[in-house]
Amino acid sequence: IGRQYLNVLVITVINLMGSSIEGASVLGLPQWVDNIFLATGVGMILTTIVVGQLAAQINSANCMLDFINNYFMLFTTYVSLAIEYSGLLHCVYLVQIVFYKISGKPMESNESPRSALQKGFFWGRVLMSLVILGFCFAVTVKALFDGKTGMWEGVPPSASIVILFILMGVVGILEGMQIALFTVVNMSDEDLRDHPVAHANCQLTFSGQNLQAFLIGRQILVATCMFVVARIATPVYGDEDENIFGLGDGIQSFLDIGLTGAMITTVVGSLIWRVLASSFPLAFLSNPVIHIFIRLCLLLEKSGICSSAWILARFNTAAAGYQLDKFYVKEDGAQAPKRTSRDEHIDLLLVILKFSYSTILLVACVVVVHAAVFTEQTIATRDLNIHPAVAFFIFWFLIVWLAMMEGGQGALVGLQSIDKQKYAETHPRTLLNASIVHKGDNMERFIIGRQYLN
């Protein structure tokens, strides 16, 4: 739970630091260029996706041991688990229990049954979480009707609320798709054929290189929706505005950070859908809309818009001195992967073009976004009166933290099947991270807490 919340929160704050104000114009660029990179948020979104997510996921997939062998990842682990322990998101467990009851499945746990005191503490946090979620909804809806959020000007409050829930539904479907697909990946073809729509969706996703392409496209689409949701759901009250519900200035400043929107997005736009997909994977994949989203994700990856992540990952690997995991851990019977026909006949010219335009686009995004920051044309620098240098530092600190969370989760999941003694001496901090997260039900706690930050 903790990791899930961290993810949402970090993206929300990045959105505050980098979102431009209405009519922002930088570097003497034509208005249509400013509109593309600043007004729509494309510059900030692509920077975050490429630098803070995809490049880290690429490196952590093959360099798991080196990637999390640092104290920053250990800090992230503790923060994620602390968020889960606080009970902020415990209402998700109530949803999980309900779905397990409906499906008739027993709830699995790696820990001993709770004592009476532990049950009381657990349900107390569930109740607290429900109250907090209700308050977050009240704050967000009130801010939307007051016209005091980051929503683009000219959009009516009622339309803003509809758009907010539609986008959270899209994010939820994309989050659930990943869980459902990995749940059924080892299911027999005969069982899948009993669900023709789900079977067709699985055939499309698991064909050739489509799974990797889908995951990249899904990441692009999820992050884009998350940024728009963060903008819509974050209250923005100026010094001259009346505080929401008559609250004090300190509380209002705290709400303006975006914690309420992050809470709603984590629970309603992510975790509930993950629980639903985990409990009923075939029913979830039997939704005809799933096929449309798979095609859209494949199209986004094929466009090459984020291909620069591969180049950035190579530079990051060299700079950090990452080594492939097989350099440290030799698996019995491991063989080098065979080249596929796609590898043999790949269109090199197309790849070069995709990498080139994607890299140029990334550089343009970074330059334009930071031009807006240093000319005080962002929400953080103008509306929240944050100094440009401070906004710049927060922006990049959170990008790096986001990269650690994205890559760290993949590494910790992948390391579950590797004997810890094989890397105990060479990677002591990786061992510490893995020992903490792999203990009992901590993996589930870590993932959900990490999602809130993102």
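The values are calculated or read from the model by the stated rules, or taken from the named source; none is laboratory data. Keep in mind it's a predicted model, so treat the numbers as computed, not measured. For neighbour counting, all protein chains shown are included, and Cβ atoms are generated from backbone atoms with ideal geometry for every residue, glycine included. Side chains are part of the model used for accessible areas, which takes the heavy atoms of the whole protein and leaves out ligands, DNA and RNA. Shrake-Rupley method; radii C 1.70, N 1.55, O 1.52, S 1.80 Å.
Given H placed 1.01 Å from N in the peptide plane, which residues other than close sequence neighbours of residue 378 have an amide H under 5 Å from its amide H?
Those lying under 5 Å, H to H, from residue 378 are 21.
Ignoring ligands, DNA and RNA, how do 37, 122, 206, 315 rank by accessible area with a 1.4 Å probe, largest first? Walk me through the intermediate numbers first.
Working: 37 30, 122 10, 206 70, 315 145 Å².
My answer, sorted largest first, is 315, 206, 37, 122.
By how many nm would the segment from residue 424 to residue 153 lengthen if fully extended, with 0.36 nm per residue of separation less the alpha-carbon distance?
Working: separation 271, 0.36 × 271 = 97.56 nm, distance 5.50 nm.
Length difference between fully extended and current span is 92.1 nm.
Mind ranking 389-395, 46-52 by how tightly packed they are, going by the mean number of other C-beta atoms within 10 angstrom, highest first?
Order by mean packing, descending: 46-52, 389-395.
At 1.4 Å probe size, put 145, 121 in order of accessible surface, largest to smallest.
The ordering from most to least exposed comes out as 145, 121.
Using a 1.4 Å probe on the protein heavy atoms only, what accessible surface does residue 105 show? Give it in Å² to the nearest 10.
Near enough 90 Å² of accessible area.
For the chain, with all protein chains present and a 1.4 Å probe, just round the carbon and sulfur fraction of the accessible area to a whole percent.
That fraction is 64 percent.
What whole-number distance in Å separates the alpha-carbon centres of the range 262-283 and the range 5-64?
Between the Cα centres of the range 262-283 and the range 5-64 lies a distance of 25 Å.
For the range 108-248, report the accessible area per residue in Å² (1.4 Å probe, heavy atoms, rounded to an integer).
50
The range 138-205 to the range 288-317: how many Å between their Cα centroids?
18
Taking the simple approach of a point 7 Å from Cα along Cα-to-Cβ for both residue 119 and residue 302, what is their distance in nm?
5.5
Could you put 242, 444 in order of accessible surface area, largest first, with the 1.4 Å probe and the full protein assembly present? Mind dumping the intermediate values first?
Details: 242 150, 444 70 Å².
From most accessible down to least: 242, 444.
Can I get the semi-axes of the chain's equivalent ellipsoid? Compute them from the C-alpha gyration tensor as square roots of 5 times the eigenvalues, in angstrom, largest first. Working shown, then result.
Working: eigenvalues 219, 169, 107 Å².
Result for the chain: semi-axes of 33, 29, 23 Å.
Taking the convex hull of the Cα atoms, report for the range 126-234 its projected area averaged over all directions, in nm². The partial results should precede the final answer.
Numbers: hull surface 37.4 nm².
About 9.4 nm², averaged over all directions.
Between residue 385 and residue 61, what is the FRET efficiency for a Förster distance of 35 Å, r being their Cβ-Cβ separation, to the nearest 0.05?
About 0.30, to the nearest 0.05.
Quick one: length gained pulling residue 291 to residue 161 fully straight, 0.36 nm per residue minus the C-alpha distance?
On the way: separation 130, 0.36 × 130 = 46.80 nm, distance 2.63 nm.
Taking 0.36 nm per residue and subtracting the Cα distance, the gain is 44.2 nm.
So what's the net charge close to residue 67: Lys and Arg +1, Asp and Glu -1, counting the other residues with Cβ under 13 Å from its Cβ? Show your work: numbers first, answer last.
Values: positive: 429; negative: 66, 325, 406.
Within the 13 Å Cβ shell, the charges total -2.
Give me the number: length gained by fully extending residue 21 to residue 318, i.e. 0.36 nm times residue separation minus the C-alpha to C-alpha distance, one decimal in nm.
Result for the pair: 103.2 nm of gain on full extension.
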